[in-house]
Amino acid sequence: MALEDKNIEYKEDIPKKNNQLKAEIGAFLNTDGGTIYLGADDNGKILEEKFELYQNWEETLSNWISNAFSSNLNEFVFLYPNEKPFRIEVKKGKDKPYFYKDGEGFNAKAVYVRVGSTKRVASFDEIQRMMRQAKSHEYENVCSKDRKSVV
């Protein structure tokens, strides 16, 4: 398997601090997307002893996709529990910034971006830029719909 890079992350298991994996998913959503392999070490070696956890991982992650983030991620996060290692495909999100819920409301400390083979908390400027791009996208959609109704 390939080494970890800006689009590939290996995890042996869902971390005890679940927010660490949620942060990885959010980082991929907020940048260019990527793949997380569960049940593999940092070199990509498949850990066969983890196979028995795949069903639990699928249930946990399916719940997260629907409930643990600022919006439902069904169109951006795809699970492949029948592959070895377990694969989580994360597409680049459209309505950034994405963050995992940690209480109610917007949580800037839960907005992550991918830099090289690591994740980090997004800066204030990066969050502002993501929000402006999202607003710009909304404005373009409204203008496009208005033009269609005029024609």
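Numerical summary
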item	result
In the range 1-22, the residues that are open to solvent by 60 Å² or more (accessible area, probe 1.4 Å) and in contact with a strand residue (DSSP E or B) (Cβ under 8 Å, 6 or more places away or on another chain)	1, 6, 12
Qualifying residue in the range 45-63 (condition: within 24 Å of residue 116 (Cβ to Cβ), assigned to a loop (DSSP other than H, G, I, E, B) and under 18 Å from the mean Cα position of the chain (by Cα))	no
Scan of the range 73-127 for residues that are within 27 Å of residue 40 (Cα to Cα), open to solvent by 30 Å² or more (accessible area, probe 1.4 Å), part of a loop (DSSP other than H, G, I, E, B) and not acidic (Asp, Glu), ordered by number	74, 81, 82, 84, 91, 92, 101, 116, 117
Residue list for the range 25-41, filter: of a type outside the set (Ser, Thr, Tyr) and closer than 17 Å to residue 94 by Cα	25, 26, 27, 28, 29, 30, 32, 33, 34
Cβ pairs under 6 Å, 6+ apart, first in the range 100-116 and under 16 Å from residue 21 (Cα atoms) and at pLDDT 90 or above, second assigned to a loop (DSSP other than H, G, I, E, B) and of a type outside the set (Gly, Ala, Ser)	110/99; 110/102; 111/97; 111/99; 113/31; 114/6; 114/31
Neighbours by Cβ (under 6 Å, 6+ apart or cross-chain): first from the range 50-67, free of Cβ contacts under 8 Å to residues at least 40 places away in the same chain; second in a helix (DSSP H, G or I) and open to solvent by 40 Å² or more (accessible area, probe 1.4 Å)	none
Candidates 84, 101, filtered to the one that is touching a helix residue (DSSP H, G or I) at 6+ places or on another chain (Cβ under 8 Å), among the basic types (Lys, Arg) and within 24 Å of residue 125 (Cα to Cα)	101
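The values are calculated or read from the model by the stated rules, or taken from the named source; none is laboratory data. Quick caveat, the model's predicted, so the values are computed rather than measured. Glycine also receives a Cβ, built like all others from the backbone with ideal geometry; neighbour counts cover every protein chain displayed. Side chains are part of the model used for accessible areas, which takes the heavy atoms of the whole protein and leaves out ligands, DNA and RNA. Shrake-Rupley method; radii C 1.70, N 1.55, O 1.52, S 1.80 Å.
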